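One structure is given here, and the rest of the page talks about it.
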Amino acid sequence: MKSLVTGASGLVGSCVVEMLAKEHGEKSVIAAVGPVLSHSEKARIASFRQRGIEVMPNALLHKQVFQGPVPQFSTLFHLAAYVATERNSDDVHVNDVGTSNLLLRLRPALERA
């Protein structure tokens, strides 16, 4: 079993990554991370890499989402979100357009599952 966790550098996503790695091993999880904004996100990503957890950059607002091929996974935890919805920012579209882009990009893998 391999899990793909979007929003892995965020508070909830990082807890899920940690739980999965502890329960199933570091190689059982792919930490999908978007553009890093905060010091705490950078620290979480550095910790994942140091422990051998695969970190995969993504850009949910781009149609391709991932730079390379779609990773192999059996379970998806889609936790990426823009939570400061009261701010006037185009980043809020990670919540709707980003989710749509992700599901369209992962569609072949999801159909096989």
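The values are calculated or read from the model by the stated rules, or taken from the named source; none is laboratory data. Keep in mind that what you see is a predicted model, and the values were worked out from it rather than measured. Cβ atoms come from the backbone with ideal geometry, glycine included; neighbour counts cover every protein chain shown. Only protein heavy atoms, including side chains, enter the accessible area calculation; ligands, DNA and RNA are left aside. Shrake-Rupley method; radii C 1.70, N 1.55, O 1.52, S 1.80 Å.
Remarks
- Strands (runs of 3 or more DSSP E) fully within the range 1-78 counting 3 or more residues that are open to solvent by 10 Å² or more (accessible area, probe 1.4 Å), more than 19 Å from D91 (Cβ to Cβ) and touching a residue at least 40 places away in the same chain (Cβ under 8 Å): 75-78
- Looking across the range 96-106, the residues that are open to solvent by less than 60 Å² (accessible area, probe 1.4 Å) and closer than 19 Å to V33 by Cβ come down to G98, T99, N101, L102, R105, L106.
- Residues of the range 75-99 that are among the small types (G, A, S) and more than 14 Å from the chain's Cα centre (by Cα): A84, S89.
- Subset tally (residues that are assigned to a loop (DSSP other than H, G, I, E, B) and under 20 Å from R44 (Cβ atoms)) for the range 79-111: 6
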